[in-house]
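The values are calculated or read from the model by the stated rules, or taken from the named source; none is laboratory data. Here the structure is a predicted model, which means the values were calculated and not measured. With ideal geometry, Cβ positions are generated from the backbone for all residues, glycine too; neighbour counts draw on all protein chains shown. To get the accessible areas, we keep the full protein, side chains included, count just its heavy atoms, and leave off ligands, DNA and RNA. Shrake-Rupley method; radii C 1.70, N 1.55, O 1.52, S 1.80 Å.
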Amino acid sequence: MTAPTTTTAVRKGRRWIERWDPEDEDFWAATGERIARRNLICSVFCEHIGFSVWTLWSVMVLFMGPEYGVDPAGKFALIAVATLVGSVVRVPYTFAVARFGGRNWTVFSALALLLPAGAAFAVMEPGTSYTTFLAVSALTGIGGGNFASSMTNINSFYPLRRKGWALGLNAGGGNIGVPVVQVAGLLVIAAAGADRPRILLGIYIPLILAAALCAALFMDNLAPVRNDTGAAREAVRDRHTWIMSVLYIGTFGSFIGYSFAFGLVLQTQFGRTPLQAASLTFAGPLLGSLARPAGGALADRYGGARITLCNFVAMALATGVVVLASLIESLPLFLTGFGALFLLTGVGNGSTYTMIPGIFRAKALARGMTGEAAAAYGRRLSGASMGLIGAVGALGGLVINLAFRQSFQTSGTGTSAYVAFLVCYAACSALTWAVYLRRAGAPAVPAEPESRLRYARM
């Protein structure tokens, strides 16, 4: 077979690829893989900075001593509002890729991060009103939207057989922005003290500019990717969009919620100083970020549903360790349980996102589609659903921070919140098994034996 020609054209001053067929192995080997890899590398960098800005207030609250006049409940509210905004903006960010082009939107969304970073630089000092802090914290939420547009874009570049690895690497590299900003905060506190938050903000402003420049110089727009309101409507009506949203609440919602709250939990429940909390906070998100590509790769090999089920069972067990540690007030056991939880959130993030393209590809096969038609349908529906799933899943981070806030307000510890999380993971385990693995009750989307087997292994 002759490899199709890939044309990178300049149209209205932008770089556009007019033809893209990653499922064609000849095309992929000749030109597709090289172009996809280049876009993936830039995407990881830009998403990394977006995550750092989104989780900025998980570090800023460590700088907020008694002179700021904000109690622990108020600090949990600050990080909760950033989580909420980051979740909501994921939906429009998802569809912006098709409307404006992946490269063009990445440049814009990177430059937009200057607004929350600059605003935080201006107001981060004692005497600023709490309302102002809330407004600036809400602005950082736009960094959460970068994940949705980035994942939708990279999903279009890669063939189904490589999506688990590519999406896992893209998301994992972005997720590492969480521990990196926390390490940077630790270094600032250690070197300059807890009263110099503007040093951290000053570091990130040039990095934001570098990310935008990288996207402008090295990324591409895919002309075949077009806004498809029909796909969006179909994704909203499909029950699997909402089932996967619930599962993603359990994985990514846990990752981002714990990443935001962990340092504050250490300060509030275990009496750690800002420096002591910052020295421990980054390790968990780092584990989760590094594990995400592994979760995608495991799902590619063994099936996303199988890995997801095993992962939720393990998350419930790890949460049981955290509950015990909270009851007996053992910091070493607490850190061990939470370390395992962070690791497992990363694995689950990778495996759940790998399931999404497979679900819609299986539905295409069940409808009698084959070859590129089935692949195109899978890309179309999975791209539309990813933004919704990512938005709903990220709301789990808001729920976690609100649960911590309520738990500490009523009992002074996080034990009741940990018990609620354990129940959630048990429910997600049951849902995964009932919908995607139980032979008799598995979703009867595919009608043919081969399609049914493919669907069960998603």
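Contact order normalised by length for the chain, with contacts defined as Cα pairs under 8 Å and 6 or more residues apart; what percent is it?
Relative contact order for the chain comes out at 23 percent.
Would you be so kind as to identify all helices of the chain, as entire DSSP H runs, whose Cα atoms reach 18 Å or more along the helix's own axis and whose mean Kyte-Doolittle hydropathy is at least 0.5?
Helices meeting the span and hydropathy rule in the chain are 72-88, 177-192, 197-218, 254-270, 304-328, 331-366, 371-411, 415-432.
I'd like the carbon and sulfur percentage of the solvent accessible area for region 263-338, probe radius 1.4 Å, heavy atoms only, ligands and nucleic acids excluded.
Summing carbon and sulfur atoms, their accessible area is 69 percent of the total for region 263-338.
Stick to Cα atoms and the Kirkwood definition of Rh, then tell me Rg/Rh for the chain.
A ratio of 0.98.
Given a 1.4 Å probe, how much area per residue of region 44-134 is accessible, in Å²?
Dividing the accessible area of region 44-134 by its residue count gives 32 Å².
For region 77-117, just run the numbers: alpha carbon Rg, then divide by 2.2 N^0.38 Å, N being how many residues it has.
1.30
Within the chain, what is the longest stretch that has no GluC sites (Glu not before Pro) placed in a DSSP loop and near at most 15 other beta-carbon atoms within 10 Å?
With GluC sites (Glu not before Pro) excluded where exposed in loops, the chain gives 19-328 as its longest stretch.
Give me the compactness ratio for region 335-441, meaning the Cα radius of gyration over 2.2 N^0.38 Å.
Dividing the Cα radius of gyration by 2.2 N^0.38 Å gives 1.39.
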